[in-house]
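Q: Sending over a structure as C-alpha cells; questions will come in a sec.
The values are calculated or read from the model by the stated rules, or taken from the named source; none is laboratory data. Note that this is a predicted model, so its numbers are computed, not measured. Here the Cβ positions follow ideal geometry from the backbone for every residue, glycine too, while neighbour counts run over all protein chains shown. Protein only, heavy atoms only, side chains kept; ligands, DNA and RNA dropped before computing areas. Shrake-Rupley method; radii C 1.70, N 1.55, O 1.52, S 1.80 Å.
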Amino acid sequence: SDFLVGSVGGEAPTGDNYWELSINWKVAELGGCGIALKKGDQVLWAVTDGATPALRLSAPAAVRKGRAFNVRVTDGASGKGVEGASVGGAKTDADGKAKLTLKSGSKRVLRATKSGATRSNSQTVALR
C-alpha cells in the first residue's frame, strides 16, 4: 500500500497539478513506498502538470565565501542546458550556466526555477 502526499514544506498542488516522483530524472512507475532506492539515486518530488520539463541543478558541494562559482541548470530528461532559469539571484545563459557569489553564512540551499518548468532539485552548497 502507498500514501497520498498532500503538501511538503508548504508546497501543495492546485488545479490540475499533482505530485510527481522522479528517480534519476525518470518518472517513477510505482508510488514512493514501492521503490527500493540505491545509493546515489537522485530523487525529486515536485508539483507538476505532467507536461513541463523538470529542471536539474548542478552545483559544487563547497565554495569559498566571496568567490564566484558556476552552476548549471539542465532539462533533467534530456540534459540540455536551460536558458533563463533563476538560481541564487542569477539567470542562466543559453547553455544553462550561471555564475554566483555567496558572501555570508555557512551553507546555502539552491534551487532553480523557471516559468513553464518544474522546479529543480535542491543543492546544498557549503561556504568556507
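Q: Could you please tell me which pairs satisfy a Cβ distance under 9 Å, a separation of 6+ or placement on different chains, a first residue in the stretch 111-128 that is surrounded by 16 or more Cβ atoms within 10 Å (Cβ to Cβ), and a second residue that is aromatic (F, W, Y)?
A: Qualifying pairs under 9 Å: V125/F69.
Q: I'd like the full set of residues that are open to solvent by 20 Å² or more (accessible area, probe 1.4 Å) and either touching a Leu at 6+ places or on another chain (Cβ under 8 Å) or free of Cβ contacts under 8 Å to residues at least 24 places away in the same chain (or both), limited to the stretch 91-106.
A: Answer for the stretch 91-106, where residues must be open to solvent by 20 Å² or more (accessible area, probe 1.4 Å) and either touching a Leu at 6+ places or on another chain (Cβ under 8 Å) or free of Cβ contacts under 8 Å to residues at least 24 places away in the same chain (or both): K91, D93, A94, D95, S104, G105, S106.
Q: Would a scan of the stretch 38-55 turn up a residue that is outside any strand (DSSP E or B), at positive phi and at pLDDT 90 or above?
A: Looking through the stretch 38-55, at least one residue is outside any strand (DSSP E or B), at positive phi and at pLDDT 90 or above.
Q: Now, a different point. Just name the residue that is most open to solvent (accessible area, probe 1.4 Å) out of those in the stretch 68-90 that are in contact with a Gly (Cβ under 9 Å, 6 or more places away or on another chain), in a loop (DSSP other than H, G, I, E, B) and among the hydrophobic types (A, V, I, L, M, F, W, C).
A: Taking the candidates together, the pick is V82.
Q: Any idea which residue in the stretch 17-65 is nearest to V87 (Cα to Cα), counting only those that are in contact with a Ser or Thr (Cβ under 6 Å, 6 or more places away or on another chain) and open to solvent by less than 60 Å² (accessible area, probe 1.4 Å)?
A: Narrowing the stretch 17-65 to residues in contact with a Ser or Thr (Cβ under 6 Å, 6 or more places away or on another chain): 20, 44, 46, 48, 52, 54-57.
From what is left, the residues that are open to solvent by less than 60 Å² (accessible area, probe 1.4 Å) are 20, 44, 46, 48, 52, 54-55, 57.
Values: E20: 22, L44: 17, A46: 17, T48: 19, T52: 18, A54: 14, L55: 11, L57: 9 Å.
Restricting to residues being in contact with a Ser or Thr (Cβ under 6 Å, 6 or more places away or on another chain) and open to solvent by less than 60 Å² (accessible area, probe 1.4 Å), the top hit is L57.
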